[in-house]
Structures are given as C-alpha cells and as structure tokens.
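Data block below; observations after.
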Number of protein chains: 2
Amino acid sequence: MIQRPRTRLYVDADLSAGAEVPLEAGRAHYLRSVLRMEPGARVLAFNGRDGEWLAEVAHLTKSGGSLTALERVREQTTEAGPWLLFAPLKAGRTESVVEKAVELGVSRLQPVYTKRSDVTRVNLDRLTANAVEAAEQCERLGVPDVNDGLPLFKALEGWDPRRTLFLAAESGGAGDAVMAVTARKGQPAAWLVGPEGGFDSGELDGLRHLPFVVPVGLGPRILRADTAAFAALALWQALAGDWTGAGGVSRPPFRTEA
Amino acid sequence: MIQRPRTRLYVDADLSAGAEVPLEAGRAHYLRSVLRMEPGARVLAFNGRDGEWLAEVAHLTKSGGSLTALERVREQTTEAGPWLLFAPLKAGRTESVVEKAVELGVSRLQPVYTKRSDVTRVNLDRLTANAVEAAEQCERLGVPDVNDGLPLFKALEGWDPRRTLFLAAESGGAGDAVMAVTARKGQPAAWLVGPEGGFDSGELDGLRHLPFVVPVGLGPRILRADTAAFAALALWQALAGDWTGAGGVSRPPFRTEA
C-alpha cells in the first residue's frame, strides 16, 4: 500500500507519466516555505481532465517550480453535480457557501443578485480560490465552474428547460423536497437559494412562472440562506446524486499519512 | 392579518395572558439601545413550554425591563429532533455548527472530546447564547439542551440503546445513509460527527462494537466535520423528521413586517 500524500494540488497542465507540471510562484512558495517541501517530496495532482496523479516535486524556487507526474492513482470521473445559484451573503458566509457547495459536489456556482441582496458584487478571484482549495481538500477530481455574479433573471436567460431549477422556498405551498428530488433523479438539476431577506414577491411571481422552476420546502423552521444551500445540496446528493453508491467516485487505494 | 413582529425573544418566565415577563439587563439594553424600542413595542416571546406569544414592552431601563404577554399565536409543539454529538472545531466553526444544528432542529447538542480533537474545551455560555439566538431567528418554539463537553465514551455511558447513534463515517464499509435513516424513522436518533482529523482506529473499533451505533456514509467526497454535521441533520429531517409535513410546525398566520 502506497502512503497517500496529504497535499493535493489542482493544476492547469496536462497530466501524463513523466509530464512536467509548472507551479506558479504562490504555489511554489507555499510548498517550499509553509510545507517545507524539497525536491522529491510527493504530492497528488489533478486538473479536472486526467484523473489524480501521484507526482513529485522537481524544483522549487522563489519565482516558481515544477512537479513531475509519476503515476495515475485515480481515473477521471464526470462530476455531474447540480448547479447552485445563490445570492451572495455577508462576511464569511459566501466563502462558506462556496466551500461546502464544492464538498457537496456542485458542478457550477452562480452568484445572483436579487432585490433584497445586501451584497451587490463578488470577488470572483477569491471565490475561485475558495473553490480550488475546497476541491483539493475534499478529494474531488475537478473544480466546479465559478461564474461572476449576474442579476437573477439575467442568469436564467437561455436556461435549458431540461435542467430543473429547485427553488428553496421559505413559505408554504411548496412541494415536498424529498418527493420533488426523487422524482427527477437522473435529470440535470440546479438549486436557487435567495438572500437572507428572501425573494421579493415580484421575483417569486417571476420564478414561479418559469416552467423549469420547482419550489420545494425545507422544513418548518426558517433556515438562514447558507443553511438552506447546505441542506438542499446534501439532500440532492443523498437522493439523486452520487451518495447512492452507483456511479460514485471510489476512494483511493491507500491510506492518509499519519 | 396581524403584523408579525420581527423580534423574537426566548424567555424563562411562564407565558399566559397578562403575565409579566422580566428581561435581564443585557436583553433590555439590546431592545432599548440597539432596536430603539419603547414601551408598547411588540415582540414575540417563547419559553419552550407555553407556545409563542405576542407581547409588548412594558418598561425598559438600564438595569432591566419587562414585557407583558398578550396573546398566544402558536401552540407549543414537541421538538423531537435528533441529538448531535460533535467534536468541537476551530475558530468560528463550532459556533456555525451550533447555529445550523439549531436551525436543523436538533433537540440536544453534546460536544465530545476525541483523540484527534484540536479543541479540548468549549465555552458553554457562548454556545448556549448561540443556540438561543439561532432559535429566536429560525422560529423554533424552544432551545435545544446544550451540554458541556465530555470525553467521547463518557458521553456514551448509560446510553439508551433505543436511541440510534448514526456515526458519520469517513471511510468505506458504512451503510447507505438514506436507507439507514429511513429504516429507523420514528425512532429516537442521534448523530456523531468527529473532528477534522477523523476518529482514531481505537475509537472507531469501540464505536462499532456498541449495539446502538450505525455507521453511515455521506458520499464519496471527504466532508469537513461541519459540513458532515449539516448534511447529516438535513438528511435526517428530510427523511425521518419534521420536513415531511406530518407533524410539522405550522407557520404563523401573519406576515413579517417590512
């Protein structure tokens, strides 16, 4: 059994046996100065296309570095999780939504601006960095698309009607989440979670008239927006996603270093 | 339709028509100096026993204040959610676990110390305050029990074997979460979520030998401990808890103030 390196890196370069994988300065600095790695140290690398590779550090300097890919340890799989459309939140809550959405297997993150959004812009570089870090940590083989923020209905223009948009609805009259998700198992899906203040009535009317929108309730308590996102995604994965075993990503055949 | 006051307060006192409800200094200060309330202002009050009451501010001074309970607007219901046993986490993540666990309807929070816990004490007053604030915000009618931290196996001494302890398991060999939860619908339940580093092998062996422990998997990705707690509780509520409509808390018959 091979020792599983603890450090996983998302890289741009193609991965194949013997391939050189450039590291930009920030990455090289992190390996060298924070993790105290030297040439020969083992890491794992993935790029969303070629599976997961065992790699070793070739060189590290102040201005950059490189890895050498050694051996594929996991085959690439399709990560066909749902999309998450969410109104960006205050303080650290947006970062937390990104982190957990990546762990819960979303394939696309789309911030949307709504009437009652307190936050009217997002830092795309920062959200992308959050997504990369979460993907590295949770053992995904790819990083979801992270889109720049859009006004809610702009984000829905040209929507493929085959992709159900589950609306995490606060108020009554919404369908049962378990039934709604189970009934659409195997179909493309997305979740829409509003801001802390909820959608305004005009937005709700507009959403409910879209043929691909399915409002579902998430229980009798009022969930914060971030909680609603976590709950919705967990529910979807458990009932319609890759938690069911079939088609799941198998765990790597080695243990974590102590 | 009555305007629904935005401010909900968890109180100790009994609630009945005309009852005086004392407010301690911190609460009175918050209503007076932060929310700028004056006598006659309307709030909602609940104590976990008498349902939810419309109340009005009777007086507010620097040293305290009181409410007068006016009218019951929701009947008390039993909040029979699962217990959550969790290894306390770093930084704000423990507070976040408490907040979301309350929103997701737990009836008891039990911090447990494990071999790989980075955090070896909790601030019980602070966790309790987090739980109260979350209960006020999410429209619960009670606040879950918040216990002081205990070593893991100490917390399991005298465990009622009729209460299933679902173990959020990282590694393979665990059962399907949906099947395990659905099969035990209607029975008392608890979830156990370990620290970021996972349980050690001795702990896992010990847990797996307990007849009430049911290890379940939460998908192919490695979830952070807080994500695992949110996912587990959401799943349980959706499949075995009060999201199913039957026995759910009905929403109050008035709208939120703009």
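When all C-alpha to C-alpha distances in chain B are sorted into bins of 5 Å, what percent of pairs does each bin hold, rounded to whole numbers? Over chain B, the share of Cα pairs per 5 Å bin runs 1, 6, 12, 16, 16, 14, 11, 9, 7, 5, 2, 1, 0 percent.
The lysine pair count for the protein assembly as shown, using Cα distances under 24 Å and pairs eight or more places apart or on different chains, is 15. Sorted fewest first by neighbouring Cβ atoms within 10 angstrom, A:K62, A:K100 come out as A:K62, A:K100.
Hey, what angle do you get for helix A:225-240 against the long axis of chain A, alpha-carbon based, 0 to 90 degrees rounded to 10? For helix A:225-240, the angle is close to 80 degrees.
Between A:G51, A:G142, A:G81, the residue with the greatest mean-square fluctuation in the GNM of chain A (Cα pairs under 10 Å linked by springs) is A:G51. Scanning residues 5 or more positions from B:R8 or on other chains, those with amide H under 5 Å from its amide H are B:L44, with H placed 1.01 Å from N in the peptide plane.
The phi torsions of the stretch B:61-66, fed into the Karplus equation with coefficients 6.51, -1.76 and 1.60 and a -60° offset, translate into couplings of 10, 5, 9, x, x, 7 Hz, rounded to whole numbers, with Gly and Pro shown as x.
Here, the stretch A:3-76 is characterised by an Rg to Rh ratio of 0.93, where Rg is the alpha-carbon radius of gyration and Rh the Kirkwood radius.
Dividing the mean sequence gap of close Cα pairs (under 8 Å, 6+ apart) by how many residues chain B holds gives a relative contact order of 20 percent. With Cα atoms defining each centre, the stretch B:77-132 and the stretch B:145-159 are spaced 12 Å apart in the structure.
Residues B:S117, B:S33, arranged from fewest to most other Cβ atoms within 10 angstrom of their Cβ, appear as B:S33, B:S117.
Applying both filters, DSSP loop and at most 15 other Cβ atoms within 10 Å, to the trypsin sites (Lys or Arg not before Pro) of the stretch A:117-224 gives A:R121, A:R162, A:R163, A:K185. Shown for the protein assembly as shown is the translational diffusion coefficient from the Stokes-Einstein equation, using the Kirkwood radius over Cα pairs, a temperature of 25 °C and a viscosity of 0.890 mPa s: 100 µm²/s.
Across the stretch A:3-76, the relative contact order, built from alpha-carbon pairs under 8 Å that are at least six residues apart, equals 37 percent. The order of A:H209, A:H29, going from fewest to most other C-beta atoms within 10 Å of their C-beta, is A:H209, A:H29. Sparsely packed loop sites in the stretch A:16-103 (the GluC sites (Glu not before Pro) outside DSSP H, G, I, E and B with at most 14 other Cβ atoms within 10 Å) comprise A:E24, A:E75. Under a 5 Å amide H cut-off, with hydrogens placed 1.01 Å from N, B:G149 pairs with B:V122 among residues at least 5 apart or on other chains.
Readers should treat all values here as calculations from the given coordinates under stated rules, not as data from a laboratory. Just so you know, these numbers come straight off a predicted model, no measurement behind them. Cβ atoms come from the backbone with ideal geometry, glycine included; neighbour counts cover every protein chain shown.
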